[in-house]
Structures are given as C-alpha cells and as structure tokens.
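To start, the structure itself, in structure tokens.
The values are calculated or read from the model by the stated rules, or taken from the named source; none is laboratory data. Worth saying up front: this structure is predicted, and the values here are computed from it rather than measured. Here the Cβ positions follow ideal geometry from the backbone for every residue, glycine too, while neighbour counts run over all protein chains shown. With ligands, DNA and RNA removed, areas are computed over all heavy atoms of the protein, side chains included. Shrake-Rupley method; radii C 1.70, N 1.55, O 1.52, S 1.80 Å.
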Amino acid sequence: MAFAERVGDDDLRLRAQQLLANALALLGDLVAAESLVQDGLAMARRLGRRYHEAVLLNTLSVIAGLRDDV
C-alpha cells in the first residue's frame, strides 16, 4: 500500500488494501480487517471506483461470515 501511495496509484492501493484486509480476516484479526475495508470503501466511493467498492464489500461479507454475523 505504501508503494501505491508513493506513486499515486489509487487502484493499486485499493487492491492492496483489500488483499491485506482479506488476509487479516483469515488470520483472525477481524477488527483490523474491517477497519481497512471501511477505509477502502470510503476511498473507493469518493473516487467512483465501483469495481473496488464491490470487491471491498465482498471482503466485508467474508468478515461478517467469520463473525457468524450473516
């Protein structure tokens, strides 16, 4: 994510953020994962990146599933 920020690549940052959130969720750190997803969703919506918004929402559903909150 840091590299994407340095070069100003919003799409790369959003993808990296989603992948990190997914990994954290699967490792059991659901709080950190959800925080990353919420931050990424805000950015994706602000920039109008609908694809990234959808992928991040999917990751949020994975987190909800891991919490048995579906």
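Between residue 61 and residue 39, the modelled label-to-label distance comes to 2.5 nm, taking each label 7 Å out from Cα in the direction of the beta carbon.
Shown for the chain: the carbon plus sulfur share of the solvent-accessible area, taken with all protein chains present and a 1.4 angstrom probe, equals 55%.
For the chain, the longest principal axis of the Cα atoms and the long axis of helix 30-47 meet at an angle of about 40 degrees.
Label sites at residue 46 and residue 11, each approximated as a point 7 angstrom past Cα along Cα to Cβ, lie 2.0 nm apart. Averaged per residue, the chain has 61 square angstrom of accessible surface, using a 1.4 angstrom probe with ligands and nucleic acids left out. Diffusion coefficient of the chain by Stokes-Einstein, Kirkwood radius over Cα pairs, 20 °C, 1.002 mPa s: 180 µm²/s.
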